[in-house]
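Single-structure report; data block below.
The values are calculated or read from the model by the stated rules, or taken from the named source; none is laboratory data. It should be emphasised that the depicted structure is a prediction, and the values quoted were computed from it without experimental measurement. Using ideal geometry, Cβ is built from the backbone for each residue, glycine included, and neighbour counts are taken over all protein chains shown. Note: areas computed on protein heavy atoms with side chains; ligands, DNA, RNA excluded. Shrake-Rupley method; radii C 1.70, N 1.55, O 1.52, S 1.80 Å.
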Amino acid sequence: MTPEGSRAAASTVSFTVHGIGVSAGIAIGHAHLFAGMGAEVQHYEIPAADVLREQRRYDRAVKEVRDELEHLAESVRHGPSAELAPFVNVHMLLLDDAAFKDAPRDIIREQRANAEWALRNQLDELLAQFADIEDPYLREREDDVRQVAERILGALAGTRRRIMKPVREDATILVARELSPADVILFREHPFAAFVTDLGGATSHTAIVARSMNIPAIVALHHARSLIHEDELLIVDGTQGVVIVNPDRHVLAEYRLKQNEARLERDKLKRLRSAAATTLDGTVVQLYANIELPSDIEAVKASGATGIGLFRSEFLFMNRRDLPDEDEQYEAYRDVLEGLKGMPVTIRTLDIGADKSFEGQEAHAPVNPALGLRAIRYCLAEPQVFNTQLRAILRASRHGKALILIPMLTTWTEITQAIAAVARAKEELRDEGVKFDEYVPVGGMIEVPAAAIALPMFIRKLDFLSIGTNDLIQYTLAIDRADDRVAHLYDPLHPAVLNLIAGVIRTAQQYEKPVAVCGEMAGDVELTRLLLGFGLRHFSMHPAHLLSVKQRVLVTSLPDIASVVARILKADEPEKMQALIEKLNA
Ligand code: PEP
Ligand code: MG
């Protein structure tokens, strides 16, 4: 029996807590509680003579946090986690804001209150302003405000944040009310095995970063921070979104086995890195990667991807107050194209709106952001922003094999205007004598049901298609993909969704246009055979999923799956559908 097993069996009650698994994998370790702003804050009165001293104590805490953030910003800037730099920058901007720099000092003076209490009051005031906001992106700004306050509180307590110091030598699991992406970066230097939080959604920055760092993580557990005690033994199943607290030795043994199997599986998968993705009957399949920022290239290379099928360029625009200019964008696209050494790089034009917005755009938060001025709609409404991006992509196209992908196409006018905008940007560059690839293909994302149904209207004008299943499901089933209250209704196997996807692939084949899937379905190994059976030969996914999908491709015979796939397309009852999917994957 392991030491953990004997401890668990001896003294404790076992229970489970359920949340949203945002980063897959299993971790077993001891809880380390992170006390944040949710903890009690003491209140005491400051004698008039000590007000200045208390204000200085507050100033010192703010300065300490600033030094800590500057150090973090420097350490992430050039490292493997460069995508965190913008998040750290947001915290620095907030720290410089009068709301944190001055307001608590005023409260100390006016109420003769201690600094912690003044900060707590100021935070409550700020959070009250967020109370009526529904926009998920804006709500994540609320998280940033809270996290900055937590940092200052930590500095006031005179302790470096305990998050920096795992308490044990063996695996430690961080249990928090919430964590910032800047906190998650510390996992690199301090070997936390996983983290679980009470707050946060699947689209939060923290979730995105956890996924990119391959750490099991669960959010939205609601009561974990109050139910779990320091040092208790935990199993975190990031795939199922479950935390098992004080597991008995049988459960522990079962999960250790699963963990070992997963480790062996990962090592085995690495050997497939350079193998061609070919089915048993000899059909070649292209497996591409999705990226958010140029720093993701290393993960792309490690995955053995043969190209980038989706560069979500909007991440270059987020968490900052200005827009990246043409040169900055050009450099980012060029770095990716050069890094991929001639392999295709599909750069999606700005898909801002819905759950992704610029700093400042929040002021106009619409009632239904996913149905609002998003993606190509935004770009056509802001032709200067669109033109700058197209010029940057075209200029970078000399450095590799670039493709332009237009998101959220819905109408004839949009496609015509988007293509005209590309032609205009080319013309400008020609006039200026700037070289670019004249034959950069222009493709369209099929992610609105209207585009999928009326595909012939679009297809003639496009060089290739990419099916965005994340939005296609959202818009087909009328389910907000960022709202965890309706997450259980989000169903890739809904017959309407499957028939739309199969129909798009069929039409693309008829018109001899390349078609890919770049939504999350492409990286779900349980759906690989289904998509292959629909005729898909081109998948684009998060690099972490690529080798498992490749393995499935390698053991699939297309003639053998054809009849089950045909039956799945006709299935109209969930049980029947599930049974057929199981048969397909057997
Ligand atoms: C999609 O909608 O499937 C997609 C790939 O785009 P995003 O997730 O960035 O909206
Ligand atoms: Mg989309």
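Ignoring the sites themselves, what is the longest stretch of the chain with no GluC sites (Glu not before Pro) in a DSSP loop and at most 11 other beta-carbon atoms within 10 Å?
Numbers: sites that count: 40, 134, 169, 189, 230, 432, 438, 512.
My reading of the result: 231-431 is the longest stretch.
On full extension of the chain, what length is gained from residue 499 through residue 461, given 0.36 nm per residue of separation minus the C-alpha to C-alpha distance? Intermediate values should be presented prior to the final figure.
Numbers: separation 38, 0.36 × 38 = 13.68 nm, distance 2.32 nm.
Going from the current span to full extension adds 11.4 nm.
Check residue 408: other-chain or 5+ apart residues with amide H under 5 Å from its amide H, H built from backbone geometry?
Answer set, sorted by chain and number: 445, 447.
What shape does the stretch 397-459 take by its C-alpha gyration tensor, where a ≥ b ≥ c are the square roots of the eigenvalues and a/c under 1.5 counts as rounded, a/b above b/c as prolate, and the rest as oblate? Don't jump to the answer; show the numbers that get you there.
Values: a/c = 3.62, a/b = 2.06, b/c = 1.76.
Judged from the Cα gyration tensor, the stretch 397-459 comes out prolate (a/c at least 1.5, a/b above b/c).
Run the helix sum for the chain: -39,500 (n - 2.57) per DSSP H stretch of 4+ residues, divided by residue count, reported at 222 nm to the nearest 500 deg cm²/dmol.
Numbers: 24 runs with 281 residues, N = 586.
Result for the chain: -15000 deg cm²/dmol, rounded to the nearest 500.
Quick one: accessible area per residue over the chain, 1.4 Å probe, rounded to a whole number of Å²?
On the way: 25540 Å² over 586 residues.
Roughly 44 Å² per residue, with all protein chains present.
Could you tell me what percent of the accessible area of the chain is made up of carbon and sulfur, with a 1.4 Å probe and every protein chain present?
Details: 13490 of 25540 Å².
Percent of accessible area from carbon and sulfur atoms in the chain: 53.
Relative to the longest principal axis of the chain, what angle (0 to 90°, nearest 10) does the C-alpha long axis of helix 383-396 take?
So the helix axis and the longest Cα principal axis differ by about 70 degrees.
Report the gain in length on full extension from residue 331 to residue 485: 0.36 nm times residue separation, minus Cα-Cα distance, nm rounded to one decimal. Walk me through the numbers before you get to the answer.
Values: separation 154, 0.36 × 154 = 55.44 nm, distance 4.01 nm.
Answer, rounded to one decimal: 51.4 nm.
How big is D for the stretch 434-483, in µm² s⁻¹ as a whole number, if Stokes-Einstein is applied with the Kirkwood radius of its Cα pairs at 4 °C and 1.567 mPa s? Present the calculation step by step, with values, prior to reporting the outcome.
Details: Rh = 12.4 Å.
In µm²/s, the coefficient rounds to 105.
Give the relative contact order (percent, whole number) for the chain; include only Cα pairs under 8 Å separated by 6+ residues. Kindly include the intermediate steps, with their values, before the conclusion.
Details: 1062 pairs, mean separation 84.4, N = 586.
Over the chain, the number comes to 14 percent.
Normalise the Debye intensity by I(0) for the chain, one equal point scatterer per Cα, no solvent, then take log10 at q = 0.09, 0.11 Å⁻¹ and round to two decimals.
-0.76, -1.11
So if I place +1 on the C-beta of Lys and Arg and -1 on the C-beta of Asp and Glu, and nothing else carries charge, what would the dipole magnitude of the chain be about its Cα centre? I want it in debye, nearest 20.
Details: 67 positive and 84 negative charges, 366 e Å.
About 1760 debye.
Between residue 575 and residue 341, how many nm apart are label points set 7 Å from Cα along the C-beta direction?
5.4
Kindly identify the stretch 491-586 as rounded, prolate or oblate by the Cα gyration tensor criterion: order the square roots of the eigenvalues as a ≥ b ≥ c, call it rounded if a/c is under 1.5, otherwise compare a/b with b/c, prolate if a/b is larger, else oblate.
Values: a/c = 1.42, a/b = 1.11, b/c = 1.28.
Since a/c stays below 1.5, the shape of the stretch 491-586 is classed as rounded.
Under 1.5 on a/c is rounded, so check that first for the stretch 278-425, then, if it is not, pick prolate when a/b is larger than b/c and oblate when it is not; a ≥ b ≥ c are the square roots of the alpha carbon gyration tensor eigenvalues. Numbers along the way, then the final one.
On the way: a/c = 1.66, a/b = 1.54, b/c = 1.07.
Prolate is the answer for the stretch 278-425, as a/c is 1.5 or above and a/b outweighs b/c.
Exactly which trypsin sites (Lys or Arg not before Pro) in the stretch 384-484 are in a DSSP loop and have at most 16 other Cβ atoms within 10 Å?
Working: sites: 391, 395, 398, 401, 424, 426, 430, 435, 460, 461, 481; in loops: 435, 460, 461, 481.
Qualifying residues, ordered by number: 435, 460, 461.
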